[in-house]
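First up is the structure itself, then whatever we jot down about it.
Coordinate-derived values only; no laboratory data. Just so you know, these numbers come straight off a predicted model, no measurement behind them. We place every Cβ from the backbone using ideal geometry, glycine too, and count neighbours over all the protein chains shown.
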Amino acid sequence: MADSLAEVGPIDNATGYPFWFGDGGDPARGLDPLRLELCLDDAQDPLCPVVGDRPAPDQPLSVPTNFPDESFWWSADALIETPAGIRARLVLAQEAAFGGPGEVAVGQQVAFSRLRIRIDDLPPGARYHVTTPYGERDVVADDRGRVFETEDQGCLSTPCGFEAGLDGQVGPFLRWDAGAPEGYVGDPNVEHTVVGSPTGDNLFRVEGPGIGGPGVDVVETDLFSVQGRIAKPRATVDLPGDLYPVGTPVHIMPSFPGESEVVYTTDGSDPTTSPEATTSPSTSSEPSVAVTLPAEDGTMTLRYVVRHAGRTSQVYTQEYTVRSDLSVVTATPGPAAAPGVLEGRQDVELTASTNGVPTDGAIYYTTDGTRPRLDAAGDPVGTTREYTTAVVITRSTILSAVSVPRATETSPTPEPGPVGRFSYVVHNLRAVSAETPYGYPFTLTDIGLPAAAGEPRANPVELELCLDDPLCPVVGDLPDPTRGVSFPDNFPDESFWWSGEAAFTAGGIDARLVLAAEAAFDTPTVQDGHQVAFGRIRVRLDDAVPGATYEIVHPYGVVRATADDRGRLFYTDDNGCMNGPCGFDRLLTQPVGPFLRWDQGAPEGYVGDPTVEHTVVGSPFGTNEFIVRQVTDGAGDPVSPDRIGSTDQFTVQGKLAGPGVIADHQTGTFAAPLRVGLAGNSRTTQIRYTLDGSTPTATTGRVYDGPIELGEGVTTLSYVGVGEGGSTSTMESETYTVDGTAPSLEASPAGGVFGSPQSVRLSSDDPTATIRFTVDGSAPGADSQATGGLPISVSRSLTLRAVATDQVGNRTTGSWSYTVAVPPVDGGATPGFVLQRTATGTVNAGGSTTLGGVLAPGGQVQAGARVVLQARAVTTTGRALTQVWTDVATRTTAADGGYAFAAVRPRTSQEYRAVFRGAGDGPMTSPTRRVTVRGEVTLSQPTRRVSRGHWVTFRGRLAPTVRGATVLVALDGPGRNAKQVRATVTRTGAWLVRTRAPRATGPWKATASWRGSIGLLGDHSPGRTFRVVR
């Protein structure tokens, strides 16, 4: 199978992105490797229409003032629209975008591959199998009948290592199988068949019940719209034309380094024709070509081209001015050189000097990577600021500064100096633990609290990933909350080393701030190798002024954002390692740090109690509060800053790192004696445990010295880790059931000779046992049919064999012989023999119906005749599940030949017929009548008020009992918050699920639903409301 992507080109300094990404082709399928360049010029190239908008399409590209917020090296799209109204779309891409809040900004360039599946108008909870050119997967429709899955893999946060963009699922690039426009993989305006799938599946297919309409379970398309431009020779320089000191080196980098030659002139002549042109090869050891600016005051026009594989690039021109008397800006502290680092807030002072002599004048700077700009009057423009006090830097930043000397009599119009560019990398965490239980760092250590100038930071805290602790309620749900944490089968989809929240309502606006150091996954489910971790800053305003801009002050900075046309503002800045496998050292530079903590009185071992609002310390700016100000009106016009509201009350969560223990077996049932191992982390000096239900402490309980032997029966193992000074971890408990006893297995009736069909029930004394059977004499196995608690119809002579298997694999087998002699009945209905239902429609579980009719074959009424009602199981759509008819009841016809069967109670969907066996010409049968049965699911009222993060229980019943069935509980909350949990039906029909209350406060509605089965229609309960409070 072909690899994904194979190589990435050098960075184009004009855009901040690699020139190209390249795949490895697929030699086995005859596909050559492709290098595709970033497609940006949609206005000039109609074959590159898939690109974000830029403010001035008719002006040159520039970052950040005139650049699209997203662009593509390659993209592909496939669409299926079915007669049933279902719309399925597949989006594939190798994409360029911007990290942080997503705004176009220097230094925020990111690159990733995207695979997105969207299907609309499906039955809620329905499952489908999707095949794409890059693999297959199973998807489930949400409670709104939608599938929306996105997998972005690559470099998703800055600073970016673009090689990570090679690690996604995309590749080789799909391309037209024939006839593509020269220089392109296809025309995105035309759907076409393609090649390139590493699996050979050059299609988009969705499989599932009724996906294409009644009876159509598969829909697919092999038509794609694809965009990609084959990379051309191009070049970039590290220093664009500008003012520089004499003798400054400039480097020309070709887009195909090591494979090209650079041809240049320094006198402004055309390098393609000038005899004075210099030709220099680009080699693997020296990929760029250096050109030195003049050693004396003056100007230089550098013109250059790149040649590669018989092709020549456009001619590039850079105009340079060099001076020996320039005023040069110096930054203190300057960017740290490895292995040194800068920790936390940096107050950067700027000074200017000319040949070592301080410059009298002004300094102007930007912190967004752009060049400082002044208008004709000499005033700063855009994001340019005049330097008056130290520039505060708390995260990775490009600081650009220029000195403007003061005018004098001898120099009335002094020339600004060269732009100084200082690239800062700031660490807001001091350490990321190399110890990685569950694939995450065990601890994160911050840099400590801010201190006075010249003094060391105070009280750095080391926090552990908090998974199961009463003072860590902010954590994702466990699939099985009755069990302890185990990876990956019972692990939360999100967890936190630290989190903080603040909220207020003022001026009619609901404002909320969420801060976190978070652990999650880059896949929809918990999967090893897909662990990610990041710092989060999120602001949400509801009921704001549509179109107005707000300034938000929070402990880690100040941001401005604009409310949408519905008055909602949603700002998110996630920074760290955003897709696995992760290099967790990237957490060092995320913006959250130091961790906020209570200013006094925090519970021992924690930074605070997240169920209690409190004042905090830790902000590097001293802004230990959350403030919202309105700075423009809805039309975008500036207004005098209006303070909407503020709070200094935060809920913070974080557990100081301490001893911890993990058991190598979690709660469960086992078929054989067990050896349980306990392992402590690096802070654990001793492990104490008990087996009698008592609580171990630092001084009580057994000292662990090796695997613990557990025999038959139920044992509760409780354990703690003991650290230095006698500190202990939170006590953990696991309950182990060792069960070596096989379940019983009985049949009723237990074989014999019978004159009519029999309904045989198989049972066991173990309610958890699964019973599987065969009726062809073969030994039942794992693939044999399970009884599901339902009887087995035996209408002919056969040997019934069965096996009962409990949860741990103990098994018992049985075999019974049945001899059945039943008078045959012809298949056709007899004219004049009528069977009808008195009422139409479905029958609810436990309900009844009445069937009746007239026996008058050939118009001859048969009075006093014995009529038998027979039934057989069918699906909800009427397909027979068996050819065997079973007698249900008998009635005698009245004088008019009429008969009736009242209170017929089907447990599942059935097909009925009436039979009269007393006719001289053989048995007679009526037409059939189908009765469809709907299951009934109930939901009891949950606790009406529950604190967020606390446990809440949902329970109800399913009738008829379908043991092992899944009930889905959908929770819909304020805004667009939603959550789903699942429960399993027990042998009594009851179900129960316990989960943590959602984090969003306000009214929530719970609804239980069951999808149904082959013989029962599904059902959903009435909604039950409850409220989540702080």
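Among (1) 1.59; (2) 1.20; (3) 1.31, which is the computed Cα Rg over 2.2 N^0.38 Å?
Correct label, based on the coordinates given: (2).
Mind checking the full-extension length gain between residue 103 and residue 649? Use 0.36 nm per residue of separation minus the Cα-Cα distance, one decimal, nm.
Details: separation 546, 0.36 × 546 = 196.56 nm, distance 2.98 nm.
Fully extending the segment from residue 103 to residue 649 adds 193.6 nm.
Return the long-range amide H neighbours of residue 728 (sequence gap of 5 or more, or a different chain), with a cut-off of under 5 Å between placed amide H atoms.
Placed amide hydrogens put 723 under 5 Å from residue 728.
With the radius of gyration and the Kirkwood radius both derived from the Cα set of the range 320-397, what is their ratio Rg to Rh? Present the calculation step by step, with values, prior to reporting the outcome.
Working: Rg = 14.2 Å, Rh = 14.3 Å.
Result: Rg/Rh = 0.99.
Using a simple spin-label model with points 7 Å from Cα along the Cα→Cβ vector, what separation in nm is obtained for residue 290 and residue 408?
About 3.5 nm, to one decimal.
How large is ³J(HN,Hα) for each residue in the range 951-966, as worked out from phi by the Karplus curve 6.51 cos²θ - 1.76 cosθ + 1.60 (θ = phi - 60°), to whole Hz, x for Gly and Pro?
Here the 3J(HN,Hα) series is 6, 9, 10, 10, 8, x, 9, 10, 10, x, 5, 10, 4, x, 5, 9 Hz.
Using R₀ = 30 Å, calculate the FRET efficiency as 1/(1 + (r/R₀)^6) where r is the Cβ-Cβ separation of residue 754 and residue 850; round to 0.05. List each step's numbers first, then the result.
On the way: r = 29 Å, r/R0 = 0.97.
Efficiency at R0 = 30 Å is approximately 0.55.
About its Cα centre, how strong a charge dipole does the range 5-230 have in debye, to the nearest 20, once Lys and Arg get +1 and Asp and Glu get -1 at the Cβ? Intermediate values should be presented prior to the final figure.
On the way: 15 positive and 37 negative charges, 55 e Å.
That gives the range 5-230 a dipole magnitude of about 260 debye.
For a Förster distance of 51 Å, can you work out the FRET efficiency between the beta-carbons of residue 894 and residue 799, rounded to the nearest 0.05? Write out the running numbers ahead of the final one.
On the way: r = 44 Å, r/R0 = 0.85.
The computed FRET efficiency comes out at 0.70.
Could you state the per residue volume, in Å³, of the convex hull enclosing the Cα atoms of the range 431-655? Don't jump to the answer; show the numbers that get you there.
Working: hull volume 32.1 nm³, N = 225.
That works out to 143 Å³ per residue.
Let me make sure I get this right: for the range 833-933, a, b and c are the square roots of the gyration tensor eigenvalues over alpha carbons, sorted descending. Under 1.5 in a/c it's rounded, otherwise prolate if a/b > b/c, else oblate. Which is it?
Prolate, because a/c is 1.5 or more and a/b exceeds b/c.
Out of the range 309-414, which GluC sites (Glu not before Pro) are coil in DSSP terms and have no more than 11 other C-beta atoms within 10 Å? Write out the running numbers ahead of the final one.
On the way: sites: 319, 343, 349, 386, 409; in loops: 409.
Passing sites in the range 309-414 are 409.
Could you give the length gained by full extension between residue 259 and residue 506, i.e. 0.36 nm per residue of separation minus their alpha carbon distance, to one decimal place? Mind dumping the intermediate values first?
Details: separation 247, 0.36 × 247 = 88.92 nm, distance 6.26 nm.
Length gained between residue 259 and residue 506: 82.7 nm.
With +1 on the Cβ of every Lys and Arg and -1 on the Cβ of every Asp and Glu, and nothing else charged, how large is the dipole of the chain about its Cα centre, in debye rounded to the nearest 20?
Numbers: 82 positive and 117 negative charges, 1203 e Å.
Dipole about the Cα centre, nearest 20: 5780 debye.
For residue 861 and residue 982 in the same chain, what is the full-extension length gain: residue separation times 0.36 nm, less their Cα-Cα distance, in nm? Present the calculation step by step, with values, prior to reporting the outcome.
Numbers: separation 121, 0.36 × 121 = 43.56 nm, distance 5.63 nm.
Extra length from residue 861 to residue 982 when fully extended: 37.9 nm.
Where in the range 685-719 does the amide nitrogen come within less than 13 Å of the point 7 Å from the Cα of residue 468, taken along Cα to Cβ?
Correct set: 717-719.
Rounded to the nearest Å, what's the spacing between the alpha carbon centres of the range 355-373 and the range 153-179? Just the number, please.
Centre-to-centre distance over Cα atoms comes out at 39 Å.
Using Cα positions and a limit of under 15 Å, work out the aspartates and glutamates in reach of residue 1005, with same-chain residues fewer than 8 apart set aside.
Counting by Cα, and skipping residues close in sequence, residue 1005 has these aspartates and glutamates nearby: 143, 972.
Output needed: Cys residues of the chain lacking any neighbouring Cys C-beta below 4.7 Å, sorted by number.
So, none.
Modelling each spin label as a point 7 Å along the Cα-to-Cβ direction, I'd like the residue 642/residue 560 distance in nm, to one decimal.
Placing both labels 7 Å along Cα→Cβ, they lie 1.7 nm apart.
Convert each backbone phi in the range 55-60 into a coupling constant with the Karplus relation 6.51 cos²θ - 1.76 cosθ + 1.60 (shift: θ = phi - 60°), then list the ³J(HN,Hα) values in order as whole Hz, x for Gly and Pro.
My calculation for the range 55-60 gives x, 10, x, 8, 10, x Hz in order.
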